[in-house]
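Structure, as structure tokens:
The values are calculated or read from the model by the stated rules, or taken from the named source; none is laboratory data. Since this is a predicted model, take the numbers as computed values, not measurements. FYI the Cβ positions are ideal-geometry reconstructions off the backbone, even for glycines, and counts take in every protein chain you see.
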Amino acid sequence: MNRPPKVILRRCDDYDVQALYAIMRQGMDELGFAPRGQTLIKPNVVFAHPRYSHYAYTDPRFVEAGALALRDAGAQQLEIGESGGMGIPGRMLFKTAGYYAMGRRAGVPVLDFNEQPWVRVPLSKGTVHRDFLAAKCLAHADTRVWMPKLKYHITTTITQTLKLNIGILTHKERMIGHTEKLHEKIVDLLEGGYPDLILSDAITIGHGFESCARPHHLGLVLMSNHALSSDVAAAHILGFDPHEVKHLVIAHERGYGSLELEDIEITGDISIKELQERTRGIVSDFSDLQRVDSPMRFYEGLAAGGGVVCDGGCATAVKGALGVIDAHSPGVLKKARSGAVVTGIYKGDVIHPGEPVFLIGDCTRVEGKLEASKVVRRKGCPAITRDILFLMPGLFGLPNPALDLGDGARFAREFATRAVVRTLTRLSPGK
């Protein structure tokens, strides 16, 4: 954090491993970076599906090139670690995304943080997290190299270096404070997950619902020695003012750096202005529930005691469920059965005679008049996308991705395997 912030923007039109390797080695030299000791690579593998989620994760060829470059730069002990989203076993996501095959090619182990021994890491600046459970391979790493996938995000506007740190949490703690406090939570974790080097996969970026992202070719490798600066540059590239991205503002207020481009040294062979032209006109679907093209109606209330919309909690889970359903069966949301979805404390009427109303979250209630053929509630603070997917499709006449038989068999197998691995880890001496 004490180094002068620098961001390198390099053209790269495809995922050729040797070309990426050369770009990354040159970037490391320019940044004056040299790995030391145990080196952990943290990519983004939030979700992967063999049919409808190919662009949510850092491309394994990008990570392979990074691993080779790090080894040649002097890394002695390389590991790749991640904790996937939605409570899904990481081993299932790694297989689908091609990470185990990549790890074998590169000679680097691929680790699910949820299956590793844990230690508790204190956070002196945290407001949501005063500490967190960290996999030992993360907590004890001498060098941390973060490899995010640049994407638009339905709640946090962008997902890049800072947002990547949600994936350092185990599933046990991932949803703590995943409410209107999500933006603070992200910055809390920067203290425990500050990278020494950022290598960002922005060759094919994602938009729409980030876990089932739609692809957009950008043709960029972004490299940096400074977490917030990398995200400031990324925000501009995607067409956003960093001063309007909540978690970036909070990071600036906590002393992690400037939000001004003039305070960052930016080099490379492509300009932010040219990259902005390449992203012009992209709209991130599902970022606004009121713009979802569906007979379903969405009522977003306030967080309990907060006086603000709980944008990072149940509303985000609803957006995620809709995003998965739409990716699974494109266009189907237009054909949904009419009805209503309510999150938070809604200070108004919800009038849907003869139609279902779905109340999502512990604090959710309608303070005005409520009319419906039936009212269904899903508890949780926040409720999570995976659980909503079991109820929402049946209520509104939609196909249910959670009932896909092939996925069900894979889920059962990987959940069982994870349970066995966790048990063996706890029983192992010295763990």
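Here are the numbers:
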read-out: Single residue of 166, 158 found to be within 15 Å of the chain's Cα centre (by Cα), surrounded by fewer than 24 Cβ atoms within 10 Å (Cβ to Cβ) and within 26 Å of residue 31 (Cβ to Cβ); value: 166
read-out: Boolean, residue 404 is more than 30 Å from residue 245 (Cα to Cα), modelled with pLDDT under 95 and of a type outside the set (Lys, Arg); value: yes
read-out: From 252, 226, 243, residue being modelled with pLDDT of 95 or more and surrounded by 21 or more Cβ atoms within 10 Å (Cβ to Cβ); value: 226
read-out: Boolean, residue 362 is modelled with pLDDT of 90 or more, under 28 Å from the mean Cα position of the chain (by Cα) and surrounded by fewer than 19 Cβ atoms within 10 Å (Cβ to Cβ); value: yes
read-out: All helices (runs of 4 or more DSSP H) inside region 61-150 with 3 or more residues being closer than 19 Å to residue 38 by Cα; value: 99-106, 136-139
read-out: Matching option when the condition is at pLDDT 95 or above and of a type in the set (Lys, Arg), among 104, 91; value: 104
read-out: Unmet criterion (only one of (1) touching a Cys at 6+ places or on another chain (Cβ under 8 Å); (2) under 14 Å from residue 224 (Cα atoms); (3) not aromatic (Phe, Trp, Tyr)) for residue 29; value: (1)
read-out: Test: residue 15 is in contact with a Lys or Arg (Cβ under 7 Å, 6 or more places away or on another chain), among the aromatic types (Phe, Trp, Tyr) and under 21 Å from residue 213 (Cβ atoms); value: yes
read-out: Qualifying positions in region 295-311 - farther than 27 Å from residue 397 by Cβ and of a type in the set (Asp, Glu); value: 311
read-out: Evaluation of residue 148 against (1) farther than 19 Å from residue 49 by Cα; (2) crowded, with 24+ Cβ neighbours inside 10 Å (one fails), failing number; value: (1)
read-out: Qualifying residue in region 191-204 (condition: aliphatic (A, V, I, L, M) and in contact with a Cys (Cβ under 7 Å, 6 or more places away or on another chain)); value: yes
read-out: Among (1) touching a strand residue (DSSP E or B) at 6+ places or on another chain (Cβ under 8 Å); (2) without any contact (Cβ under 8 Å) to a residue 60 or more places away in the chain; (3) closer than 30 Å to residue 285 by Cβ, the one test that residue 136 misses; value: (3)
read-out: Residue count for region 321-338, restricted to those that are touching a strand residue (DSSP E or B) at 6+ places or on another chain (Cβ under 8 Å) and over 12 Å from residue 210 (Cα atoms); value: 4
read-out: Test: residue in region 32-52 that is over 30 Å from residue 269 (Cα atoms), assigned to a helix (DSSP H, G or I) and within 23 Å of the chain's Cα centre (by Cα); value: no
read-out: Residue list for region 89-110, filter: more than 12 Å from residue 63 (Cα to Cα) and surrounded by 23 or more Cβ atoms within 10 Å (Cβ to Cβ); value: 89, 90, 93, 94
read-out: Enumerated strands (runs of 3 or more DSSP E) restricted to region 179-277, each holding at least 2 residues that are of a type in the set (Gly, Ala, Ser); value: 197-207, 214-224
read-out: Yes/no for residue 21 being in the same structural domain as residue 235 (by TED's automatic domain parsing), surrounded by fewer than 24 Cβ atoms within 10 Å (Cβ to Cβ) and touching a strand residue (DSSP E or B) at 6+ places or on another chain (Cβ under 8 Å); value: no
read-out: Long-range neighbours under 7 Å by Cβ, at least six apart or interchain, first residue farther than 22 Å from residue 112 by Cβ and in the same structural domain as residue 28 (by TED's automatic domain parsing) within region 67-80, second of a type outside the set (A, V, I, L, M) and surrounded by 22 or more Cβ atoms within 10 Å (Cβ to Cβ); value: 73/35; 74/35
read-out: Qualifying residue in region 306-324 (condition: farther than 27 Å from residue 47 by Cα, among the aliphatic types (A, V, I, L, M) and at pLDDT below 95); value: yes
read-out: Cβ-Cβ under 7 Å pairs, at least 6 apart or on other chains, region 271-299 side closer than 17 Å to residue 152 by Cβ, far side among the basic types (Lys, Arg) and surrounded by 18 or more Cβ atoms within 10 Å (Cβ to Cβ); value: 286/319; 289/319
read-out: Out of 76, 38, sole residue that is surrounded by fewer than 16 Cβ atoms within 10 Å (Cβ to Cβ) and closer than 27 Å to residue 133 by Cβ; value: 76
read-out: Candidates 15, 55 - the one that is surrounded by fewer than 23 Cβ atoms within 10 Å (Cβ to Cβ), part of a loop (DSSP other than H, G, I, E, B) and in contact with a Phe, Trp or Tyr (Cβ under 7 Å, 6 or more places away or on another chain); value: 15
read-out: Yes/no for residue 174 being crowded, with 18+ Cβ neighbours inside 10 Å and in a loop (DSSP other than H, G, I, E, B); value: yes
